[in-house]
Amino acid sequence: MNKPTLASLAAELNVSRQTISNVINFPDRVRPETRARVQEAIERSGYRPSAAARALRNQRANALGLRLSNPRNGISGSIMDAFTHSLVERADQSGYRIVLFPARTNEEEVDKLVELRRTLAIDACILTDTWLDDARPAQLAEASVPFAAFGRPWGAKDHGRWADVDGRAGAAEAAAHLRALGHERIGYLGWSDGSPVGKDRRVGWAQALCLSGDQEAELAVEVEDTVDDGAAGMAELLSRGATAVVCASDTLSLGAFTVIRRRGGSRQCIIGFDNTPVARELGLSSMAQPVDEVAATVLDMVLAQIADPAVELEGVLIAPALVARQGSALTG
């Protein structure tokens, strides 16, 4: 049996295709008796309007664009995986799908998003991995592509369309917790790549401990985000008299733990960031990022713009939560 089409229904009922289209989209334009006859035929035949045609007519795709996140190490990468998973699920519940695509550079990402919007493949997009002086928000706004970002506009004009984790508050809470455990010299193990996220977390640590500039320089070590570099950084901090450490990531926390364990120290003197599966399995304390709440917030922001392009939005900082652990049988 052939699949019913607009043309076949029109021929069967001896009406125009426009009449059937009006019954589906503008029923008040059709006389009641004709409308009832067309609706009965549609239900009986199982006819379904073309999704592509509906998108063209309504200028809506019910889809949101998202660039595949740049590869990370297997520990820290779990945060973006969790964010993407949550975003896809929440978008589906709102009747939207996520269109994932690769891009090697930010410029390529913007070009693809503009083209996806121009061809009605997406209605809006989500940005991630914001950085200093990120040009993407301004470029998308100029191209009239609605967006919201996981990450604040570091060093750029505040567009208000963002949600981010308050890393400064999280690092401050971690430092205060270690101080409450009796530690006087609490180090910071951060990233050497100039990351604004890492710098923000370092500020939170230093402010919570009321460190002078010289004290901060003495107790902070910045390295690449690898386990081996985390171990080397922890060894350096111990040589400077640190007895505990706040780490910018669970990757660095794991490296620090390998050193602490060899020297007979307690894992409770280490607090990482992200609360990844590695931290949970090894019983390492960590700051849990509220990625579900971030995903819900940025989704609400783009849906608000789709509904009202002139809507005014304000950025949202969401506090992480300390997960303090006593240890695990996996590590003795």
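FYI, it's all coordinate maths here, none of it is from the lab. In this text the structure is predicted, and so the values were computed from the model without any measurement. Glycine also receives a Cβ, built like all others from the backbone with ideal geometry; neighbour counts cover every protein chain displayed.
Taking the average, over residues, of other Cβ atoms within 10 Å as the packing measure, peptides 213-224, 158-169, 5-16 rank 158-169, 213-224, 5-16 from highest down. Listing Val323, Val294 from fewest to most neighbouring C-beta atoms within 10 Å gives Val323, Val294. Among Phe101, Phe257, Phe150, Phe26, the ranking by other beta carbons within 10 Å of each residue's beta carbon, starting with the fewest, stands as Phe26, Phe101, Phe150, Phe257. When Met301, Met80, Met287 are sorted by how many other C-beta atoms sit within 10 angstrom of their C-beta, beginning with the fewest, the order is Met80, Met301, Met287. FRET efficiency for the Leu317 to Glu115 pair, using the beta carbon distance and R₀ = 41 Å, is estimated at 0.80.
Using r as the Cβ-Cβ distance of Arg262 and Arg17, and R0 as 56 Å, what FRET efficiency do you calculate, to the nearest 0.05? Efficiency computed from Cβ-Cβ geometry: 0.15.
Average 1/r across all pairs of distinct alpha carbons in the chain, invert it, and you get the Kirkwood radius: 22.8 Å. Expressed as a fraction of 2.2 N^0.38 Å, the C-alpha radius of gyration for segment 147-259 is 1.10. Using every pair of distinct Cα positions in segment 1-45, the Kirkwood expression returns a hydrodynamic radius of 10.4 angstrom.
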